[in-house]
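I have placed the structure first, in the form of structure tokens, so that the comments after it can refer back to it.
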Amino acid sequence: MKFDFTGVPDRTGCGSSKWNGAKNASVDAVPLSVADMEFMTAQPIRNALSRLAEEQVLGYTDPTDAYFEAVCSWMKRRHNFEITRDELVMTPGVVNALGILIEAVTKPNDGIIILTPVYYPFDMAVLAKSRKFIYSELLLNDGKYEIDFSDLEKKAKLPEAKAIIFCNPHNPIGKVWTKQELQKLTDICNSNGVFIIDDEIHNDLIMPGVTHTVMATLDERTRNNIAVCTAPSKTFNLAGLQCSNIIIPNKSVKAKADAVMMMNLQSHLNIFAYEACKTAYNECEDWLEELLTVIDSNAKYVEGFMADNFPEIRVFPLEGTYLQWLDMRSLGMTHIELREMLEDADIFLDWGEMFGDKGRGFQRINLACAKSTLEKTMERFRAAVYKKRAEWEKNGKPYHKALAKGDKFPEITYSSHYGKDRKLRDTVTKKTLLIFSRYYECDICKKTLDTFKKYQRVFRMMGIDIKFIIQSDIDTVSRIQSNYPFEIISDPDAVFYDMFNIFEANSMINMVAGDKMFEEMTKGDVRNLLDTDLINGFVSDSSEFSHRELQLSAFIGIDKSLNVIYSHYCKTIGDFPEAGKLLGAMRKS
């Protein structure tokens, strides 16, 4: 090889976000999570930045003619996408650009369509700008992801749907959408007045034999209804310089985007960002071509390793990006167990649940690293799975099941104010509603307890008992029991929550997204959170808390034979079933 793609840079103590987020990161246990490369930046870029530091005044800097020429030439040369400098908006990153574009083309409380699973900052951008989520799930058919065009069209016709954030190539699934798929999507959006925010940050990273199409090149109608988000950051490992080029052909939308940037007090990029981008596009194309062969080879290596050792794991073919998507659900672990197993083995990937509920049980691996790094990671992975299977063989596999109507509730032993080692079968004499409701110090839990205290008489008249399971110790439960007319079960270690897959939300955003309680609290403007305690959940490290702060609730109804007759797993913090419907469902069963 002409360039060094075999070395393993030591990023210890350098402030690397990726390495800082991995407990035992080292050159022997390189984290393969966050999407930046474990390769040194191309030498021409390093030389150019060094010259700039030596020769130029590092003052406020505007893009030069040479900068615009480099960007426009790159888009034409690599993507057959002819643009002019007047269509360009420079932002310090694509995520920043998402916020700018959302403000430019939508209003607070408008809906933004997102195809999940997908890059999680899409959610952050929508929430931060006080817009509403409109999710459309990708279909997984015969090992291939497809857009659910029927559902997409239904969502696009909603009066509140004003924009879509689209990812091409798609992160995390590594798919490059075909021209036909793109045309179908743009036809739906164009016909329904849905503006397309097109994230193409990975569009230079296309594997051999795969063809990528910039959406804006499909037709003039689409070109007038799109903003294409590009950057040299992923392509040339320049994320720390924060430089993105947003292409907005529609003059009105471009003017609005410029205005939003002014309102946000944004103007210049840093002087090194301009120089690095220009040099990358003018002098480093051969570096990129060789990089693509390395990424492709690494992808094939992972495919081969899994086929030889764990054929039950589905490895999705990498078409674009350097991020490979792995379906590990067949290993038989919950996503929490999978995460713990990997971290115990010093394997640091991106957890699939970060990209939405449909990503649970999946993992995303960063392939932009030396092959020796991948080999070490895969060897630790094999050892970790074998170790876990040996533990199961010796101690039995843990019980985990999301309960649905018709299932049998297992016989469990619990503790409450009324005694230790109480058997559920002995205490259930009629239909019973089991409510899993966080921990007593939580205001949501207290309000739920008080609400059902009021409803208790109605439930009893209907022949239904109530039991609460909360993540508080037995002393707390005994102290509060006299305040409530139903039994409260102590589960401080969340053992029963884990048994029945009553998981925490994947993030604070997922915990509140679309929640009526949250909407009432924010009153259409997320900045109203600044006056609430909930803001601590957005800015604090969850490790600071003694409880599972992102815990969701669940309502499970059983009969006296422990048959499950009702099941509702909450999707958000306040996603409670309506009392009338709950009672009706319990009575009919």
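The values are calculated or read from the model by the stated rules, or taken from the named source; none is laboratory data. Since the model is a prediction, treat every value here as computed from it, not as a measurement. All Cβ positions, glycine included, derive from the backbone under ideal geometry; neighbour counts span all protein chains shown. Accessible surface areas use protein heavy atoms only, side chains included; no ligands, DNA or RNA. Shrake-Rupley method; radii C 1.70, N 1.55, O 1.52, S 1.80 Å.
Would you pull out the residues with amide H under 5 Å of Asn501's amide H, same chain only if 5 or more places away, H placed 1.01 Å from N?
Result for Asn501 returns Lys401.
Distance in nm between label sites at Ser191 and Lys371, each 7 Å beyond Cα in the beta-carbon direction?
Going by the 7 Å Cα→Cβ label model, 4.9 nm.
Sort by residue number and report every cysteine in the chain with no other cysteine beta carbon within a distance under 4.7 Å.
Cys14, Cys72, Cys167, Cys189, Cys229, Cys243, Cys277, Cys284, Cys369, Cys570
Could you work out how much longer the chain between Ser17 and Glu181 gets when fully extended? Use 0.36 nm per residue separation minus the Cα distance between them, nm to one decimal.
Value of the extension gain: 55.5 nm.
FRET efficiency for Glu337 and Asp65, Cβ-Cβ distance as r, R0 = 56 Å, nearest 0.05?
0.50
Between Thr476, Ile502, Thr427, whose Cα lies farthest towards the positive end of the dipole of the chain when Lys and Arg beta carbons carry +1 and Asp and Glu beta carbons carry -1, centred on the Cα centre?
Result: Thr427.
Find the centroid of the Cα atoms in region 15-78 and in region 364-405, then give the distance between the two in whole Å.
Measuring centre to centre over Cα atoms gives 33 Å.
What number comes out for accessible area per residue over region 336-442 if the probe is 1.4 Å? Units Å², please.
That works out to 48 Å² per residue.
Which percent of the accessible heavy-atom area of the chain goes to carbon and sulfur, probe 1.4 angstrom?
49
Can you pull the one-decimal nm distance between simple spin-label points at Lys446 and Lys571, each 7 Å off the Cα toward Cβ?
If labels sit at Lys446 and Lys571, their model points lie 3.0 nm apart.
Note the full-extension length gain between Tyr399 and Ala255 as 0.36 nm times their separation in residues minus their Cα-Cα distance, in nm to one decimal.
In short, 46.1 nm is gained.
Starting from the Cα gyration tensor of region 92-131, take the square roots of the eigenvalues, sort them a ≥ b ≥ c, and report rounded, prolate or oblate (rounded when a/c is under 1.5, otherwise prolate if a/b is larger than b/c, else oblate).
oblate
Give, in nm to one decimal, the length gained when the segment between Lys358 and Tyr455 is fully stretched (0.36 nm per residue of separation minus the Cα-Cα distance).
31.4 nm
Let me check I've understood the local charge: for Glu411, count other residues with C-beta under 10 angstrom from its C-beta, Lys and Arg +1, Asp and Glu -1. What total comes out?
The answer is +2.
Summing Lys, Arg as +1 and Asp, Glu as -1, what charge do residues with Cβ under 9 Å from the Cβ of Gly174 carry, Gly174 excluded?
With Lys, Arg at +1 and Asp, Glu at -1, the neighbours total +1.
In nm, to one decimal, how far is the Lys430 label point from the Val210 one, both placed 7 Å along Cα→Cβ?
Going by the 7 Å Cα→Cβ label model, 6.0 nm.
Suppose every Lys and Arg Cβ carries +1 and every Asp and Glu Cβ carries -1, with no other charges. What dipole size does region 352-431 come out with about its Cα centre, to the nearest 20 debye?
180
Kindly state, to the nearest 0.05, the FRET efficiency for Thr413 paired with Glu391, given R0 = 25 Å and r defined as their beta-carbon distance.
0.65
Does region 257-357 come out rounded, prolate or oblate, given a ≥ b ≥ c as the square roots of the eigenvalues of its C-alpha gyration tensor, rounded meaning a/c under 1.5 and, failing that, prolate meaning a/b above b/c?
Cα axes put region 257-357 in the oblate bin.
Using a ≥ b ≥ c from the Cα gyration tensor of the chain (square roots of the eigenvalues), is it rounded, prolate or oblate, where a/c under 1.5 gives rounded and otherwise the larger of a/b and b/c decides, a/b for prolate?
prolate
Rounded to the nearest whole Å², what accessible area per residue is found for region 123-241 with the 1.4 Å probe?
That works out to 36 Å² per residue.
Restricting to DSSP H runs of at least four residues, report the calculated mean residue ellipticity at 222 nm for the chain, -39500 (n - 2.57) per run over all residues, nearest 500 deg cm²/dmol.
That calculation yields -11500 deg cm²/dmol at 222 nm.
Within 13 Å, Cβ to Cβ, of Ala231, how many net charges do the neighbouring residues add up to if Lys/Arg are +1 and Asp/Glu are -1?
-4
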